[in-house]
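The values are calculated or read from the model by the stated rules, or taken from the named source; none is laboratory data. None of the values given here were measured: they were computed from a predicted structure. Heads up, the Cβs are rebuilt from the backbone with ideal geometry, glycines too, and the neighbour counts pull from every protein chain shown.
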Amino acid sequence: MKQLKSNLIILVLLLLARQGMSQQIGFDFPPNVHKVVIPFERYNNLMVIPVTINHSLTLKFIFDTGVQYPILTEKMFGDYLGLNYTRNITIQGPGKADSIKAKVAQRVTLSLPGGIESGVNQALLVLEKDYLKLRNNLGTDVFGVLGYDIFSRFIVEINYDENHIILHEPRKFRAKRSYKKIPMKVVNTKPYVELKIMKNENEGRKMHLMVDTGASHAVLLDNPEDDSLIPEQNITSVIGRGLGGNIHGYLGRMSSIKMGKFEFDGPIASFPIEGDYGAAIKRGSRNGTIGGELLSRFNVAFDYFGGYLYLRKSKSFHNGFEHDMSGMNIAADGSDLENLKVNNIRQDSPAYNAGLREGDLIESINGYSLESLNFSDFTSLLRNRPGKKIIVKYIRNGEVQKTSFKLERYI
């Protein structure tokens, strides 16, 4: 198998605590309001929204169906706010680390745009260390994750074309006639739908996958019993990052995926290696996840109450599925995220053969720096099209160097 360490797909996946947390007080609209529109920023297919803690500090959070409890990833902010930590817990999640420490803060108030606010008894999980490194891997200051508390309280409509979320009072929601609905089950706070995954024209199966707005991949398939779904042409890769660190696995191009009445040709699927996916993810309890690369091809509405996912095509519905073609994984670096850094690189890849190495600081790619493009633009550039010329200006050992290579498709 070819070896590849891919552009890091940020997975913010299932979070399980070994010790239970008390029932949280839910969010609510301001008086006489039944619908609120919240703009979001998009980074690598992830939605980022502003969340204000205790009416004092506003931070960017990922809006994520894959987490049960709100998470603050940087403890220094909790300490600055003087949060009331009531106990310590141990968390398990995807990745190699098996002992992740966090604190539970009680009597926290969380506020969203439009006057939406939690009760004063909201609980917040505060990580002891920034395990996810969201700001480096997204290239912007993101310090938290918020999910089930919102999806379980409102009908959540996500417009990927206009980059906004609409929260509806459930009893007032009426789905647009343009939506097609498919059955959705909410199990242990996570939404699941059924898809048909085809490896080729003759081989495939129906699978129940979690709809994970906090994952940037198209689809991740947990395939522990055998390797029957993994395409013959595949590459090994770091396929994501969870609370336990990097997740290793395989990447391969499937023949098709059918979701309700919608069908996609040639989607790229991720297959985690057993052991890296984490002891907390019980095999057999789920088949994998649908992420933002697939979900953003729709405008969607989550109805946890009626048990439906509503879908209508977005402007990107017909876009092709591509993966990194350079062979290097980059991240934002520096106290102000002003630099790009080569995190890892695959041997014999275009970037490696051009002389780039792990640890190199990148000043510009094709003349662009982080002052002129955001981080997501660079990851898109490196998966643009085979044969595209990439010119990299970089620094190694204090010396400025320049090299070039052409992108090459591997899957």
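For the list (1) of a type in the set (Asp, Glu); (2) in contact with a Leu (Cβ under 7 Å, 6 or more places away or on another chain); (3) crowded, with 21+ Cβ neighbours inside 10 Å, I need the number of the one condition that Glu293 fails. Failing condition for Glu293: (2).
Restricting region 100-157 to residues that are crowded, with 22+ Cβ neighbours inside 10 Å and in a loop (DSSP other than H, G, I, E, B), the residue that is farthest from the chain's Cα centre (by Cα) is Phe154. Residue-level analysis places Val193 outside the set of residues that are within 27 Å of Leu311 (Cα to Cα), touching a helix residue (DSSP H, G or I) at 6+ places or on another chain (Cβ under 7 Å) and part of a strand (DSSP E or B).
For region 264-271, state whether one or more residues are part of a loop (DSSP other than H, G, I, E, B), at pLDDT 95 or above and either under 17 Å from Met210 (Cα atoms) or not small (Gly, Ala, Ser) (or both). Looking for residues that are part of a loop (DSSP other than H, G, I, E, B), at pLDDT 95 or above and either under 17 Å from Met210 (Cα atoms) or not small (Gly, Ala, Ser) (or both), one finds at least one in region 264-271, hence yes. Across region 329-351, the qualifying residues are those that are crowded, with 20+ Cβ neighbours inside 10 Å and assigned to a loop (DSSP other than H, G, I, E, B), and the one among them that is nearest to the chain's Cα centre (by Cα) is Arg346.
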